[in-house]
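Have a look at the structure below before the remarks.
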Amino acid sequence: LPPRSPPSPPPPGPSPSTSPPPVPPSPPPSPPPSSPPLPPPLPSPPPSPPPPQAAAPPSPPSPPLSPPPSSYTAAQLVQGAAIDLFLPTTSPGLLLPTTSFSSAATHGAQFGFFEAAAPGAAGAVSAALAGVSGSDAELALSGGAFSVAKGTVASARIWVRTAALYADRAQLVVGFQVRDAVGRTRALTTGLGESLAVSSSSGDGPEAASCGNPSAITGYGECSFTVPSSWFSDAATRTLDLAFEAEYSSSVVASASLSAAATLAQSPVHTALSAQGVIMTSAQSPRFPGGSVVTTAFARTGAQPLKAFKLTYTYDSAILELVSVAGAASFQTPVTNDEVAGSLGVLVSGVNDGVADADVTGDAIEMVTVTFAVKAGTAPGTYAGALSCLVDELLNSVGNAFVQAQAAQVDDARGGAQSDASLDVEEAATVALAPYVSDSGDASRLNLAPLTGVADAFSLQAVLISSNPAVASSASSDGGTAFTCALVDSGDSAALSISSACDATADESKTTGVDAAAVSVTLASNSAVAETVSVRVWFPSSARVEVDASTLGPIAGLSRSLSGACAGTADDDVLGDVGQAHRTAAARVVATLSYDGSVDGAGSTAALGLAGGVDVTSLVTLASDDTTVATIESLAPAGAKRVVPVPGTAGGSVS
């Protein structure tokens with residue numbers, strides 16, 4: 001056989017497996033002799049070397065992790081999380097122990113018992129990751145804000161500020177206060193209409209007064225009515241009857257009335273001038289310090305036209321001060337001289353253009369109006385000779401004086417014909433007060449102190465109603481000084497304490513609630529001025545602690561730090577700090593509230609549809625009676641409570 005060709009070098013890569021060289025085939029048998037000899041067979045080609053074994057391709061690298069999304073949907077953020085919905089301590093209302101609903105992206109809870117919140121108070125639902133404490137647990141909510149609805153007006157009370165009226169002091173002012181069915185002054189005023197009908201004992205009226213809306217806090221408002229001059233009589237004193245109504249959409253919800261509530265003083269009768277001269281009208285009713293005394297001079301000219309005049313006023317500067325001088329429409333602007341205290345000179349030198357002689361000729365030609373004010377601090381009383389007027393001269397159209405150096409007749413409260421004015425100064429007085437509950441809440445309170453140790457403290461205030469209509473009725477917090485308070489029924493002290501300074505407290509020493517504790521509010525300077533306000537106090541009639549698991553077993557394969565330090569390294573110190581972890585249990589406190597001492601009576605939360613009570617867990621403190629077995633963990637901000645077994649505990653029971 002020809003020599004074998006050397007094998008080709010193996011391709012680069014791993015060496016193929018070697019095999020023994022192949023055995024050459026046996027030569028074919030010789031042909032029979034009769035046959036011509038065959039040529040020798042060609043040598044067989046050397047066998048091809050086995051193909052080299054292909055190298056295994058390298059494994060592809062793992063794909064890189066997808067980057068986190070740049071934003072998440074709300075559903076992605078809360079999916080699978082346990083969420084606590086709660087009300088912050090500053091928010092009105094309480095969590096209800098009803099089952100919260102939860103799905104992959106929806107969580108819910110129920111809230112109620114807003115009876116002790118201030119009507120109109122704002123609140124907001126908050127959210128936190130369950131089982132997580134601190135600021136990291138807080139979740140932002142879109143929405144969740146609410147406000148406590150106000151009750152409709154159910155009652156009204158009215159007071160007369162100006163009980164004595166005169167022909168020249170005829171403004172009737174009536175104060176009113178509205179409350180809802182519980183006695184709260186923060187009642188619904190949206191859509192509320194107030195009306196006051198005024199009628200006289202002589203058959204005049206009824207006519208409608210003008211009323212303003214009540215205060216959103218005090219419930220106090222006022223109505224005003226100017227009594228027509230025709231209602232006054234110079235023969236007798238008359239009285240006024242009042243009828244007040246409050247309504248929504250023409251439906252009356254509260255009313256109050258007063259008979260003979262104000263008097264219309266008999267008007268004085270004055271003597272008419274019988275000759276040429278001047279009458280000066282002055283105050284015909286008492287004045288308050290700071291009040292105005294308006295005088296107007298009228299001339300009786302006979303047949304003479306009045307073209308110019310000079311008057312001199314003399315007044316008691318100890319009680320009066322000059323305010324203004326205004327000429328009548330027919331005459332030119334007065335020139336005045338008041339350099340000497342208590343004296344005023346008035347000079348009018350002509351009539352205005354277009355004024356005819358007939359316009360300034362007659363029995364009562366208006367000349368000038370001079371206004372004075374009673375000085376502040378003037379003591380009450382009657383001041384004789386407080387004011388007078390001297391007619392220096394009255395001039396006709398040719399400049400002749402037809403009256404000279406003559407005292408003007410003064411028409412004041414005494415009637416007849418006077419030569420000077422007498423002035424009665426009246427002291428303003430508080431004629432009524434409208435009490436209300438101030439600070440947070442209103443007249444419906446909640447005493448949770450037996451559970452929380454925190455007392456419900458508040459104060460009573462009052463709107464002081466003055467007899468002087470020029471002084472605005474104002475809210476006062478001067479309990480103990482301007483007015484005093486006391487419980488009408490001492491038996492209500494089991495629910496509420498009231499000091500003479502009108503500070504109220506419902507604390508853990510109290511044993512019950514009360515439907516309507518009557519509190520008298522009395523004016524310190526006049527015990528005849530007094531009103532009563534009612535306060536309702538809710539109280540926990542029962543309470544219970546609930547846990548969602550009574551047996552807290554170990555969790556297989558789960559350890560927990562004994563000291564509370566974070567575990568996760570192989571340090572011996574850390575490994576020695578690890579103990580067996582146990583299941584924890586959620587704990588909550590559920591209370592039934594009432595103002596009548598019942599658990600499910602008409603004055604209980606059950607009557608409000610809250611048969612399961614209210615959840616006060618976030619407001620109370622829970623403690624374990626054996627802290628070597630388990631402790632109580634409070635989770636802020638929701639205030640949830642959990643029973644947490646001590647890591648590595650051998651077990652036991654706690655209460």
Hey, could you check region 265-289 for residues that are touching a Gly at 6+ places or on another chain (Cβ under 8 Å) and surrounded by 16 or more Cβ atoms within 10 Å (Cβ to Cβ) and say which is farthest from residue 410 (Cα to Cα)?
289
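Please verify whether region 229-246 includes one or more residues that are under 30 Å from residue 438 (Cα atoms), not in a strand (DSSP E or B) and not aliphatic (A, V, I, L, M). Give the steps one after another, and end with the answer.
Let us first name the residues in region 229-246 that are under 30 Å from residue 438 (Cα atoms), namely 242-246.
Imposing the further condition that a residue be not in a strand (DSSP E or B) reduces the set to none.
The answer is no, given that none of the residues of region 229-246 is under 30 Å from residue 438 (Cα atoms), not in a strand (DSSP E or B) and not aliphatic (A, V, I, L, M).
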Selection from region 97-125 of residues buried (at least 17 other Cβ atoms within 10 Å of the Cβ), at pLDDT below 90 and in a strand (DSSP E or B) yields 107
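Could you please let me know if residue 591 is small (Gly, Ala, Ser) and not in a loop (DSSP other than H, G, I, E, B)? Let's see the steps before the verdict.
Values: small (Gly, Ala, Ser): yes; not in a loop (DSSP other than H, G, I, E, B): yes.
Against the criterion (small (Gly, Ala, Ser) and not in a loop (DSSP other than H, G, I, E, B)), residue 591 qualifies.
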Which pairs have Cβ atoms under 9 Å, sit 6 or more apart or on different chains, and link a residue in region 221-245 that is open to solvent by 80 Å² or more (accessible area, probe 1.4 Å) to one that is among the acidic types (Asp, Glu)?
230/204
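Any idea which of 639, 603, 613 is modelled with pLDDT of 90 or more, open to solvent by less than 20 Å² (accessible area, probe 1.4 Å) and under 24 Å from residue 91 (Cβ atoms)?
Working: 639 fails: modelled with pLDDT of 90 or more; 603 fails: under 24 Å from residue 91 (Cβ atoms).
Within the list 639, 603, 613, the selection yields 613.
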Return yes when residue 185 is within 30 Å of residue 87 (Cβ to Cβ), open to solvent by less than 10 Å² (accessible area, probe 1.4 Å) and hydroxyl-bearing (Ser, Thr, Tyr) and no when it is not.
yes
Only one of 224, 250, 199, 274 is within 30 Å of residue 153 (Cβ to Cβ), hydroxyl-bearing (Ser, Thr, Tyr) and at pLDDT below 95, namely 250
Yes/no for residue 128 being out of contact with any Lys or Arg (no Cβ under 7 Å at 6 or more places or on another chain), of a type outside the set (Phe, Trp, Tyr) and open to solvent by 60 Å² or more (accessible area, probe 1.4 Å):
no
Filter region 64-79 for residues that are at pLDDT below 70 and open to solvent by 80 Å² or more (accessible area, probe 1.4 Å); which is farthest from the chain's Cα centre (by Cα)?
64
Out of everything in region 382-430 that is more than 60 Å from the chain's Cα centre (by Cα) and of a type in the set (Val, Ile, Thr), what residue ends up being nearest to residue 313 (Cα to Cα)?
391
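If we scan region 201-223, do we find a residue that is among the aliphatic types (A, V, I, L, M), at negative phi and assigned to a strand (DSSP E or B)?
In the first step, residues of region 201-223 are kept if they are among the aliphatic types (A, V, I, L, M); the result is 208-209, 216-217.
In the following step, the residues that additionally are at negative phi were identified as 208-209, 216-217.
Applying the additional criterion that residues be assigned to a strand (DSSP E or B) yields 208.
Yes, that holds for at least one residue.
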Being within 23 Å of residue 92 (Cα to Cα), open to solvent by 30 Å² or more (accessible area, probe 1.4 Å) and out of contact with any Lys or Arg (no Cβ under 8 Å at 6 or more places or on another chain) is the filter here; which residues of region 616-633 pass it?
618, 619, 621
For the list (1) small (Gly, Ala, Ser); (2) open to solvent by 30 Å² or more (accessible area, probe 1.4 Å); (3) touching a strand residue (DSSP E or B) at 6+ places or on another chain (Cβ under 7 Å); (4) within 23 Å of residue 86 (Cβ to Cβ), I need the number of the one condition that residue 648 fails.
(4)
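Scan region 511-521 residue by residue and report those that are out of contact with any Lys or Arg (no Cβ under 9 Å at 6 or more places or on another chain) and either over 17 Å from residue 486 (Cα atoms) or surrounded by fewer than 20 Cβ atoms within 10 Å (Cβ to Cβ) (or both).
So in region 511-521, the residues out of contact with any Lys or Arg (no Cβ under 9 Å at 6 or more places or on another chain) come out as 511-512, 518-521.
The answer is 511, 512, 518, 520.
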Name the residue that is surrounded by the most Cβ atoms within 10 Å (Cβ to Cβ), counting only residues in region 131-181 that are in a loop (DSSP other than H, G, I, E, B) and among the β-branched types (Val, Ile, Thr).
153
Just to be sure I understand the filter: pairs with C-beta atoms under 6 Å, separated by 6 or more residues or on different chains, first member in region 310-339 and closer than 14 Å to residue 293 by Cα, second member surrounded by fewer than 16 Cβ atoms within 10 Å (Cβ to Cβ) and among the acidic types (Asp, Glu). Which pairs pass?
322/338
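Among the strands (runs of 3 or more DSSP E) confined wholly to region 423-514, which include 1 or more residues that are farther than 17 Å from residue 531 by Cβ and either at pLDDT 95 or above or of a type outside the set (Lys, Arg) (or both)? So that I can check it myself, show each step before the final result.
Details: elements: 430-437, 444-446, 456-466, 474-476, 483-487, 503-506.
Where strands (runs of 3 or more DSSP E) fall fully within region 423-514 and carry at least 1 residues being farther than 17 Å from residue 531 by Cβ and either at pLDDT 95 or above or of a type outside the set (Lys, Arg) (or both), they are 444-446, 456-466, 503-506.
Considering only strands (runs of 3 or more DSSP E) fully contained in region 293-365, which possess at least 2 residues that are under 19 Å from residue 404 (Cβ atoms), touching a Cys at 6+ places or on another chain (Cβ under 8 Å) and open to solvent by less than 20 Å² (accessible area, probe 1.4 Å)? Break it down stepwise before answering.
On the way: elements: 308-315, 320-327, 335-337, 343-348.
Correct list: 308-315.
Out of region 321-335, which residues are polar (S, T, N, Q) and within 54 Å of the chain's Cα centre (by Cα)? Before the answer, list the steps.
Step one: of region 321-335, the residues polar (S, T, N, Q) are 324, 330, 332-333.
Residues satisfying the conditions are 324, 333.
The values are calculated or read from the model by the stated rules, or taken from the named source; none is laboratory data. What you see is a predicted model, and the numbers here were worked out from it, not measured in a lab. Using ideal geometry, Cβ is built from the backbone for each residue, glycine included, and neighbour counts are taken over all protein chains shown. SASA here: full protein model, heavy atoms, side chains in, ligands and nucleic acids out. Shrake-Rupley method; radii C 1.70, N 1.55, O 1.52, S 1.80 Å.
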